[in-house]
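Asker: Have a look at the structure that comes next, please.
The values are calculated or read from the model by the stated rules, or taken from the named source; none is laboratory data. Values in this document were obtained by computation on a predicted structure and should not be read as measured data. So basically every Cβ, Gly included, is an ideal-geometry build from the backbone, and we count neighbours across all protein chains shown.
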């Protein structure tokens, strides 16, 4: 169980040290909250950036020959 804590005019959650370690996070790092079918997910990875990278991977795979020529 996590407890909500007042931080100035805001409310925050204090994450236990073992969770921070497993997520490879430390004070000042950004985390992302996304909605999922079973509730909400807290992650160190930006889901929008991951979506953009998936599109980029598809384009790079499809245009591999052209990108190889441009890299010369």
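Asker: Looking only at the range 25-72, count every residue that is surrounded by 10 or more Cβ atoms within 10 Å (Cβ to Cβ), touching a strand residue (DSSP E or B) at 6+ places or on another chain (Cβ under 6 Å) and closer than 19 Å to residue 2 by Cα and tell me the total.
Answerer: Counting residues in the range 25-72 that are surrounded by 10 or more Cβ atoms within 10 Å (Cβ to Cβ), touching a strand residue (DSSP E or B) at 6+ places or on another chain (Cβ under 6 Å) and closer than 19 Å to residue 2 by Cα gives 6.
Asker: Something else about it: If you go through the range 13-24 one residue at a time, do you hit one that is touching a residue at least 12 places away in the same chain (Cβ under 8 Å), touching a helix residue (DSSP H, G or I) at 6+ places or on another chain (Cβ under 6 Å), surrounded by 10 or more Cβ atoms within 10 Å (Cβ to Cβ) and on the phi < 0 side of the Ramachandran plot?
Answerer: no
Asker: Could you pull out every one of the helices (runs of 4 or more DSSP H) wholly within the chain that has 3 or more residues that are modelled with pLDDT under 90?
Answerer: Passing ranges, in order: 47-62, 64-71.
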